[in-house]
Amino acid sequence: MIYSMTGYGKSVLQLPTKKITIEIKSLNSKSLDINARMPSIYREKELSIRKLIANKLTRGKVDFSIYVETTAEDTSTQINSPVVKQYISQLKTIVDAGDLELLKMAVRFPDALNTVREEIDENEWKTIDAEIKKATDVLIQHRLDEGKVLEKDFNARVETIRSILHQVIEMDPDRVQSVKERLKKGIEDLKEKYDENRFEQELVYYIEKFDITEEKVRLENHLNYFTSSINSKDSNGKKLGFIGQEMGREINTIGSKSNHAPMQQLVVQMKDELEKIKEQLLNVL
């Protein structure tokens, strides 16, 4: 089972005087990177929110937001009446205007309005905290659903590489024979006499240098390990990435040793499938 690092979760909470919308989205990242946006009243809870996200999401670039929309006649801003009256009194000495115009000017001056700092209602926060967990769970389910799509794609590409590897295995005897014949023809073209026994010894040595038996076995093992890791309980994109690197190493070695054009074409096809796997692995948790 694997999880994608891409996901989105949203929860909307309707309170008596306000509507609170919680959104959380994540993209792929090598580590956990949390960006939190919220009204100042909730800033004191930011640390606990970050801990919750870190425990649940592990990795990814995470954007978390709380939006508050007031739905009742409730405001934290009040007119500072004594200050406004003092401004009007002073303005009358220098401006010839009606009371309404003087009031419009006075409320623009510093300290004409007071903003009362709201305190968090703990009972209200418990409700909001539950909604944050709900939004996070929605994101996790989104990650799992996308992970299932990735898993299907990985399995298909691994099986394609396995199928091509079997073609390489079937082709290997013909490749060895082709190399032998090419070498023998090269010797004969020299129009020189040569020791058959010595030639056979050198041929064996040369063929051993191009033997790909170990690489074929190791690549098959890596393919099996990759598949079993996908089906394990935990999602581990970094581990799958390491296995992918080992698969690439064996494929490259087969290509460099093959010395046979048809086999090298198969190697190119395996490389292409592996590169597509590696690209997708960047998004696995």
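The values are calculated or read from the model by the stated rules, or taken from the named source; none is laboratory data. All figures in this text were calculated on a predicted structure; none of them were measured in a lab. Positions of Cβ are backbone-derived with ideal geometry, glycine not excepted, and every protein chain shown enters the neighbour counts. SASA here: full protein model, heavy atoms, side chains in, ligands and nucleic acids out. Shrake-Rupley method; radii C 1.70, N 1.55, O 1.52, S 1.80 Å.
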Report summary line: Most packed first (mean Cβ within 10 Å per residue), the peptides 78-84, 221-227 order as 221-227, 78-84
Query raised in the report: Listed highest first by mean packing, meaning other Cβ atoms within 10 Å per residue, what order do 263-273, 58-68 come in?
Result: 58-68, 263-273
Query raised in the report: Excluding ligands, DNA and RNA, what is the solvent-accessible area per residue of the range 120-161 at a probe of 1.4 Å, expressed in Å²?
Result: 52 Å²
Report summary line: re the range 7-57: pairs of Cα atoms spaced beyond 14 Å account for a percent value of 63 percent
Query raised in the report: Please state the relative contact order of the chain as a whole percent: Cα pairs under 8 Å, 6+ residues apart?
Result: 26 percent
Requested in this report: Calculate what fraction, in whole %, of the accessible area of the chain sits on carbon and sulfur atoms when a 1.4 Å probe is rolled over the protein chains.
Outcome: 51 percent
Query raised in the report: Share of antiparallel DSSP beta bridges in the range 1-131, in percent to the nearest 5?
Result: 80 percent
Query raised in the report: Based on DSSP H runs of at least 4 residues, each adding -39500 (n - 2.57), what is the mean residue ellipticity at 222 nm of the chain after dividing by all its residues, to the nearest 500 deg cm²/dmol?
Result: -21500 deg cm²/dmol
Query raised in the report: In the neighborhood of residue 92, defined by Cβ-to-Cβ distances under 15 Å, what is the net charge if each Lys or Arg adds +1 and each Asp or Glu adds -1?
Result: -1
Query raised in the report: Using alpha carbons only, how many degrees (0 to 90, rounded to 10) separate the axis of helix 122-189 from the longest principal axis of the chain?
Result: 20 degrees
Query raised in the report: In degrees between 0 and 90, to the nearest 10, how far off the longest principal axis of the chain does helix 81-92 point, with axes built from Cα atoms?
Result: 70 degrees
Query raised in the report: Placing +1 at every Lys and Arg Cβ and -1 at every Asp and Glu Cβ, with all other atoms neutral, what dipole size does the range 1-121 have around its Cα centre, in debye to the nearest 20?
Result: 800 debye
Report summary line: Of the candidates 167, 244, 84, the farthest towards the positive dipole end of the chain (Lys/Arg Cβ +1, Asp/Glu Cβ -1, centred on the Cα centre) is 84
Report task. Would you mind checking the tilt of helix 196-209 against the longest principal axis of the Cα atoms of the chain, expressed as 0 to 90 degrees and rounded to 10? Result -> 10 degrees
Requested in this report: Taking the convex hull of the Cα atoms, report for the chain its projected area averaged over all directions, in nm².
Outcome: 26.3 nm²
Query raised in the report: Could the peptides 166-177, 30-41, 126-137 be put in order, highest first, of the mean number of other beta-carbon atoms found within 10 Å of their residues?
Result: 126-137, 166-177, 30-41
Report summary line: Mean accessible area per residue over the range 1-76 (1.4 angstrom probe, all protein chains present, square angstrom) is 54 Å²
